[in-house]
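Note sheet for the following structure.
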Amino acid sequence: MNNFDKVKQLRAVLKRSHIPGYYCWWFHENAAKEICQCLGVKDLSHILRNDFDGETYMALYFGISKDMEDRMYWHICQHQHNSFISTLRLSLCGILTALGKMSQGKAESSVNSFIDANCILEWDYTTTVKGAEIIEKTELSKPDRWYPLNIQENKSPCTNREAIKKLRELRKTAKATLFQQAN
């Protein structure tokens with residue numbers, strides 16, 4: 001992939017392009033370890049690490065889209081009063097709630113603050129949606145790699161099934177809470 005940006009900077013410049021691609025969410029090492037601990041993950045050796053601006057980040061989520069800028073907008077700028085939110089934002093709502101870092105009734109601003117402070121988004125475009133799908137399938141099935149916030153298509157042999165189960169529970173609780181508050 002060729003592009004890295006702090007999420008806070010992207011929020012201000014996103015536009016719609018209808019170009020397919022793939023992306024990876026990198027979380028500052030401290031935040032990533034906290035997320036993994038919340039999910040019961042003890043072995044972090046299969047999670048990619050990279051340095052950005054002298055800080056270590058860990059790759060926790062990998063995805064694709066038919067329209068990259070629309071997907072980035074969806075993850076970064078989406079208003080959480082909708083009846084459907086991105087799975088990444090839903091995961092973070094559940095995790096931040098479990099960690100006691102979710103301000104009551106302020107899910108959107110809590111998630112925005114968290115990703116602005118802790119996340120870098122890496123992405124690249126593909127010429128076709130099929131090309132993006134092949135990249136995702138390959139990436140999520142690598143035997144030495146695991147993305148803890150991916151549930152679907154996470155076929156790597158090192159995937160922690162108990163963590164996936166915990167993430168599903170946290171998402172379910174977050175969804176019920178978010179949509180109860182919206183009504």
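The values are calculated or read from the model by the stated rules, or taken from the named source; none is laboratory data. What you see is a predicted model; the values in this text were computed from it and never measured. In this analysis, Cβ positions are derived from the backbone assuming ideal geometry, glycine residues included, and neighbour counts consider all displayed protein chains. Heads up: the accessible areas ignore ligands, DNA and RNA and are worked out on the full protein's heavy atoms, side chains in. Shrake-Rupley method; radii C 1.70, N 1.55, O 1.52, S 1.80 Å.
The rows are residues; the columns are (1) modelled with pLDDT of 90 or more; (2) part of a loop (DSSP other than H, G, I, E, B); (3) not basic (K, R).
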position	(1), (2), (3)
Q9	no, no, yes
S17	no, yes, yes
W26	yes, no, yes
D43	yes, yes, yes
N50	yes, no, yes
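Here's a check for you: in segment 89-103, which residue that is assigned to a loop (DSSP other than H, G, I, E, B) and surrounded by fewer than 20 Cβ atoms within 10 Å (Cβ to Cβ) is modelled with the highest pLDDT? Even if it seems obvious, please write down each step before you answer.
Of the residues in segment 89-103, the ones assigned to a loop (DSSP other than H, G, I, E, B) are 99-103.
From what's left, surrounded by fewer than 20 Cβ atoms within 10 Å (Cβ to Cβ): 99-101, 103.
On the way: L99: 93, G100: 89, K101: 87, S103: 67.
Restricting to residues being assigned to a loop (DSSP other than H, G, I, E, B) and surrounded by fewer than 20 Cβ atoms within 10 Å (Cβ to Cβ), the top hit is L99.
Quickly run through segment 140-154 and pick out the residues that are modelled with pLDDT under 85 and open to solvent by less than 40 Å² (accessible area, probe 1.4 Å).
Start the filter on segment 140-154 by keeping residues that are modelled with pLDDT under 85, which leaves 152-154.
N154, the sole residue that qualifies.
Under 7 Å between Cβ atoms, at least 6 apart or on separate chains: pull out the pairs that start in segment 155-183 with a residue that is over 23 Å from S45 (Cα atoms) and open to solvent by 60 Å² or more (accessible area, probe 1.4 Å) and end on any residue that is modelled with pLDDT under 75 and part of a loop (DSSP other than H, G, I, E, B).
These pairs meet every condition: Q181/G105.
Which residue, of K137, K106, is among the charged types (D, E, K, R), surrounded by fewer than 16 Cβ atoms within 10 Å (Cβ to Cβ) and either closer than 17 Å to A32 by Cα or at pLDDT below 90 (or both)? First the steps, then the outcome.
Working: K137 fails: either closer than 17 Å to A32 by Cα or at pLDDT below 90 (or both).
Selected residue: K106, the only one of K137, K106 that is among the charged types (D, E, K, R), surrounded by fewer than 16 Cβ atoms within 10 Å (Cβ to Cβ) and either closer than 17 Å to A32 by Cα or at pLDDT below 90 (or both).
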